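Peer 1: Please read through the structure below; I'll follow up with questions.
The values are calculated or read from the model by the stated rules, or taken from the named source; none is laboratory data. All of these numbers come straight from a predicted model, not from anything done at the bench. Cβ placement follows ideal geometry from the backbone for every residue including glycine, while neighbour counts extend to all protein chains displayed. These accessible areas exclude ligands, DNA and RNA; they are computed on the full protein's heavy atoms, side chains included. Shrake-Rupley method; radii C 1.70, N 1.55, O 1.52, S 1.80 Å.
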Amino acid sequence: MKRENRVLKHQEFDAIIQSTPYVRSQHYVIHYRQNVANKARIGISVSKKNGNAVTRNRIKRQVRAMIAGGYDLSKSIDVIIIATGNHRSNFALDAVSRIGISVSKRNGGAVTRNRIKRQIRAMIAGGYDLKQSFDIIIIVRSSYHPEQFHEEETELFSSLSKIGEKH
């Protein structure tokens with residue numbers, strides 16, 4: 001989000017929160033008011049009840065990503081989004097999987113290894129639904145062939161679908 005689309009000053013946060021209507025949901029309280037600019041300004045507040053600084057910053061990044069993904073910033077409105085204390089325990093933050101990719105030097109030089117990593121990221125982004133909360137490390141063996149992309153993709157999805165079956 002660009003700086004011009006953010007509410008930055010503490011006084012502005014307070015003014016918007018104190019004197020405006022709000023909408024409440026399970027995880028958020030959203031205060032809003034009209035502004036004179038021809039652009040939306042958004043402020044995000046996350047309480048310490050949600051966890052430590054790392055967790056709070058992660059929540060803020062996710063909220064920003066949601067806004068970037070579908071909110072019209074051309075509206076003339078100021079919005080303050082407050083993540084409530086129950087955000088951490090119930091929200092999809094706990095259901096986010098993280099994926100690490102390790103490619104050995106046996107697979108080739110840096111260019112080849114980076115190509116393999118890009119292919120695997122593309123496979124995952126293109127078709128694998130990360131519904132469960134797992135940290136996944138994919139170790140690419142030297143038998144991986146970047147030229148056989150579709151066969152490798154099928155094998156990867158087959159392996160990823162088995163995650164969680166033993167739990």
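Peer 1: Using amide H atoms built 1.01 Å from N in the peptide plane, name the residues 5+ places from Ser45, or on other chains, whose amide H lies under 5 Å from its own.
Peer 2: Placed amide hydrogens put Ile81, Ile82, Ala83 under 5 Å from Ser45.
Peer 1: Using 0.36 nm times the number of residues separating Ile99 and Ile139, minus their current alpha carbon distance, what extension gain do you get?
Peer 2: My answer for the length gained is 13.3 nm.
Peer 1: Same structure, new question: Collect residues whose amide H, placed 1.01 Å from N in the peptide plane, falls under 5 Å from the amide H of Arg6; neighbours closer than 5 in sequence don't count.
Peer 2: Amide H to amide H, under 5 Å and 5 or more residues apart or across chains, Arg6 pairs with Ile42.
Peer 1: Okay, next question. What figure in square angstrom, to the nearest 10, would you give for the accessible area of Lys9 with a 1.4 Å probe?
Peer 2: 130 Å²
Peer 1: OK, next. What figure, in Å² to the nearest 10, do you get for the accessible area of Arg121 with a 1.4 Å probe and non-protein molecules left out?
Peer 2: Roughly 130 Å² of Arg121 is accessible to a 1.4 Å probe.
Peer 1: Using a Förster distance of 25 angstrom, determine the FRET efficiency expected from the C-beta separation of Ile17 and Val54, and round it to 0.05.
Peer 2: 0.50
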